[in-house]
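What follows draws every value from the coordinates through simple rules; no lab data is involved. These numbers come from a predicted model, not from an experiment. Using ideal geometry, Cβ is built from the backbone for each residue, glycine included, and neighbour counts are taken over all protein chains shown.
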Amino acid sequence: MSLLAIAYSHEDLSTAQRLAGAVEPQVEFEHYSAGRANEGELLVDLLRKNQLPLVVLVSHNFLTNPNCMLRAAEWLQTDRTILPIVVDGHRYDPDQDEVITETTTLADRSDITRYLSLWQDRYIELRRGGEHYTDAVGQHAFKNYLRKIRDTSIGVEEVMELILARQPIEDAELRATDYAPLYQMAGQRKPLPQESSGAASAGATPEPQVPASPAPQPAPAPQPEPEEMTDTLLEESIEEQLQEWISRAWRMSDAGDTAGGLELLHLSLENHPEELELHYQYALMLALAANRLADAREELDALLDNDPHYPDALFLSGELYSAAGDHQRARDDWERLVDVQPAYPEVNQRLGYLLADHFPGEITEAVAYLRRATHESSASGELFFRYAEALAQIPGKERKVVKMLEKAIQRDPEHAPAHYRLAVAQFDQGDFQQARKNYLLAVSLEPAFDTPANRRAFQAAGRPTPATTGNSGVANEALVALKQNIADLEAMLLEQSRPAPAPAAPEKPGSGKTVFLSGATSGIGLATARRLAREGYRIIIAARRTERLDKLASELRDTHGTEVHPITLDVSRRDRVGETVEGLPPEWENIDILINNAGKAKGFDPIHAGDLDHWDEMIDVNLRGLLYVTRAITPGMVARGRGMVINVASTAGKEVYPNGNVYCATKHAVDALTYSMRLDLVKHGIRVGQICPAHVEETEFAVVRFDGDRERARIYDDFQPLRSVDVAEAIHFMVSQPPHVNIMDVVLQGTQQASSTVVDRSGRAKFAPAEEE
């Protein structure tokens, strides 16, 4: 009897038992299986217990089990004899009360791509929210669970490549050979049919057998390392995989989820940091979809440091420099691109336009680039027109100017400036009849060309004149008038030939600043998110309810074009807060403003009758939650030497009222914390303030306090309190101050409220806000 080890996901136990039963008693298995429990042991750790030849059951269960896949490369890369067997996965579905079969295919890298996408989707879904997952894995283990999924998603490609390199066999193929590979692996002779039947026929005399060694078995095929796969297969497979990631990311961006698309590309880069196409697409999405030009510039600079001749990156880099008005650096990038790839689409055209418009002393070089551009099949009428314009500045090129203008009109018969410029050129050459025709065509297409000077010149050109030497006196006079006015004509021509640039939108006050806002999906938080979005702030919206977060994120993007990063977060969960902030995408790490808005009131009972659960909830959210979020975010502010913290407190932190006991205590604590935080952070250039509103409607405060009893929560019917938008306006005032101004403490009350207990409840009509507000 020989021993083998067999490893599998725990759901595949029955398959492992079937294999074991098929080769007994000659071969015996030691079983190593990994379940899916978050705290369960990893397969890599289990397999350290021996170095037996190893059979691995590769199923859909195995490939989706983090405890099987995490760090599996460690045992797959050893010299150990390993035989992967591809088997279908089976799992019991309690809802359907039946066993579900998951077909497993592992033929080539397309299957790798499938599981890479599966793991990436799983990680992104968790990272972007998924509060409900904490119940499945335990709130204190969520941090470890998320890290496990992330590490698995990064390593899954290598693991699957190593499995493929071990030349896996299909379960059906194994059975067709009566499990011969397992006997061979164990160094055993496969039993003959009569041996496996248990006994020979009664009374029969067996023929004498010549003792002999077992029939020679073919030697195991060498198991190539991943790098021994053919270059062609690798390149084609990786290209397909990259294109799939890139396509998915852009589809997400086109659907309005640019942050998700960037996150997918960033995760793909963690898997393949050497793939420059991913870096380029990441920079392109930052520039085009997210309008984060500085971040795109930084990504491109890093890419070009790695490969100074990457064509797409050079073109995009030139575009960004050109848009920023840095014409010399745009020229440098595009000329490097021409050296690398002379026929790169549009680069000769861009260089020609750039030199013609911004380097007047280098018109010869501009003409050379424009000439190259006209040889491209996509050359437009506008390009030929611009080429003719450049040629006109070089003496002796008059005939060629006319030829290029004619080509411009062939490509675009409605190009009014080309008709007009051709008319001027023909007039100058004495072809008055043709000049008048083209002038009239230009006017019919663009009435702006119908000027007094033009009418005098071209109408005179259309009349018959006596045959005299040279041009007629009328024609001469018209030509002189045209040439005297040529600067104005050319300026108009240039203006007409180019679309007027769209007026630049004024930069919003919050542009480039990132806000972290807790409790963002209702009440003051919701109003604040909307108010800051109008001013161009980038906002990380955090709250417990994922559906509301997604709805708000879509609203802010659609209404204001805001960059939004939603995260599902319960601020009272300490590990979750730290993990969430630590796991923010790189483009969201630098938080300029923290608004600690999450808070709640629960219950309205005297101290001797208070509900202990209500007390715990208020302390956990109002006090601990504020501390956890502040502790996670302020170290980054300290490191950068700037930042702002606003705590949304309450007038309950300034005075107490009957039955407010614990709620008042938590808000008094916030008041004290705000002052002490300012003392700790002032030397680091961080502003700290608080806002203390009294009664506020348009919130869920009263409904939550009275455990959903909406009738009891109708406490504002007989007076006009503050509205959530009023508080949001005050918060906007605080954050919009110049860096040297810190609004330390703002107390807001409605006109009809004098204190927590003194309220004019004579009606709300005379103080009701105007409808348009």
Gap separating the Cα centres of the stretch 612-673 and the stretch 333-356, nearest whole Å
58 Å
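Which links in LYS654/LYS683; LYS600/LYS654; LYS602/LYS667; LYS143/LYS513 stretch past 19 Å when you go from one Cα to the other?
LYS654/LYS683; LYS143/LYS513
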The orientation-averaged projected area of the Cα convex hull of the stretch 623-683, in nm², is 4.2 nm²
So if R0 is 51 Å, what FRET efficiency would ASN144 and ARG251 give, r being the distance between their Cβ atoms, rounded to the nearest 0.05?
0.95
Pull out a ≥ b ≥ c, the square roots of the eigenvalues of the alpha-carbon gyration tensor of the stretch 533-593, then state rounded if a/c is under 1.5, prolate if not and a/b is larger than b/c, and oblate in the remaining case.
oblate
Can you give the FRET efficiency for ASP616 and ARG91, using 1/(1 + (r/R0)^6), R0 = 56 Å, r = Cβ-Cβ distance, to the nearest 0.05?
0.90
Taking the stretch 514-767 as the region of interest, what is the percent of Cα-Cα pairs per 10 angstrom bin, listed from the shortest bin to the one with the maximum distance?
7, 31, 38, 20, 4, 0
Under 1.5 on a/c is rounded, so check that first for the stretch 285-357, then, if it is not, pick prolate when a/b is larger than b/c and oblate when it is not; a ≥ b ≥ c are the square roots of the alpha carbon gyration tensor eigenvalues.
oblate
Length gained, ARG371-ARG399, 0.36 nm per residue minus C-alpha separation, equals 8.6 nm
Lysines within cross-link reach of LYS403: Cα-Cα under 28 Å, excluding same-chain residues under 8 positions apart?
LYS437, LYS483
Which of rounded, prolate, oblate describes the stretch 2-183, given a ≥ b ≥ c as roots of the alpha-carbon gyration tensor eigenvalues and a/c under 1.5 marking rounded, otherwise prolate only if a/b is larger than b/c?
prolate
By the scheme Lys and Arg +1, Asp and Glu -1, what is the net charge of all other residues having a beta-carbon under 13 Å from that of HIS327?
-4
Highest first, please rank the peptides 524-530, 318-324, 4-10, 427-433 by the mean number of other Cβ atoms sitting within 10 Å of their residues.
524-530, 4-10, 318-324, 427-433
Around HIS60, with a cut-off of 11 angstrom between Cβ atoms, what is the net charge of the other residues, counting Lys and Arg +1 and Asp and Glu -1?
-3
